1. Please report the carbon-and-sulfur percent of the accessible area for segment 10-147; probe 1.4 Å, protein heavy atoms only, DNA, RNA and ligands left out.
2. Among Asn135, Asn66, Asn144, which one shows the highest mean-square fluctuation when the chain is modelled as a Gaussian network with alpha-carbon springs under 10 Å?
3. Can you give the local net charge around Ile145? Use residues other than it whose beta-carbon is closer than 9 angstrom to its beta-carbon, Lys and Arg +1, Asp and Glu -1.
4. Please identify, among Leu68, Leu45, Leu121, the residue showing maximal mean-square fluctuation in a Gaussian network model of the chain using a 10 angstrom Cα cutoff.
5. Using the Karplus equation 6.51 cos²θ - 1.76 cosθ + 1.60 (θ = phi - 60°), what ³J(HN,Hα) coupling, rounded to whole Hz, does each residue of segment 90-100 give in order, writing x for Gly and Pro?
6. Please determine, in degrees from 0 to 90 and to the nearest 10, the orientation of helix 10-26 with respect to the longest principal axis defined by the Cα atoms of the chain, where the helix direction is its Cα long axis.
7. Give me the 1.4 Å probe accessible area per residue for the chain, excluding ligands and nucleic acids, in Å².
8. Which is farthest toward the positive dipole end of the chain among Ser134, Val70, Pro97, measuring Cα position about the Cα centre, with Cβ charges +1 (Lys, Arg) and -1 (Asp, Glu)?
Amino acid sequence: MQTKRPALSRRDAVKVAAWAVAAAAIAPRLAFADEKAVAAEIKKLYGDKPMASGKIRLDVPEIAENGLVVPINVEVESPMTETDYVKAVHVFAEGNPLPGIVSYQFTPACGKASAATRMRLAQTQDVICVAEMSNGALHTAKANIKVTIGGCGG
């Protein structure tokens, strides 16, 4: 006795085609960011304003043994007075699926422009921090982190 497999129905063919179109639409978003993607995100926030180095202390490990939990500490040198304070700090990663990692908003009431968190890194990459001051000045810092295992890519 021979068993016969049913032919693919028109309805099933449409379902398969719909899944293929959805996968093709999602695939480009799974690509990793790069220097250009980070630069585009920064330009979206601040245009072509000049950025100075300094004032930011970016404390990250040189080697992350597990890319799933990489500690990051950011501290910006500022008196945090009503006329001179840090408005915002943004952290970007050049090798993650999305370039933006975290953004912090500060006010003079904070007393100190400092924050700590853990981030997920997909691979060895540069982490860029941009601090916006109350007078509109921008400061930046950059650190390279070598990821040995793990990460958000698997």
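The values are calculated or read from the model by the stated rules, or taken from the named source; none is laboratory data. Just so it is clear, the model here is predicted, and its values are computed rather than measured. Cβ placement follows ideal geometry from the backbone for every residue including glycine, while neighbour counts extend to all protein chains displayed. In case anyone asks, the SASA skips ligands and DNA or RNA and just uses the protein heavy atoms, side chains included. Shrake-Rupley method; radii C 1.70, N 1.55, O 1.52, S 1.80 Å.
1. About 55 percent, which is the carbon plus sulfur part of the accessible surface.
2. Residue with maximal mean-square fluctuation among Asn135, Asn66, Asn144: Asn135.
3. Within the 9 Å Cβ shell, the charges total -1.
4. Residue with maximal mean-square fluctuation among Leu68, Leu45, Leu121: Leu45.
5. These are the phi-based 3J(HN,Hα) values: 10, 10, 10, 10, 7, x, 9, x, 10, x, x Hz.
6. Its long axis makes an angle of about 20 degrees.
7. 65 Å²
8. Checked the options; the winner is Pro97.
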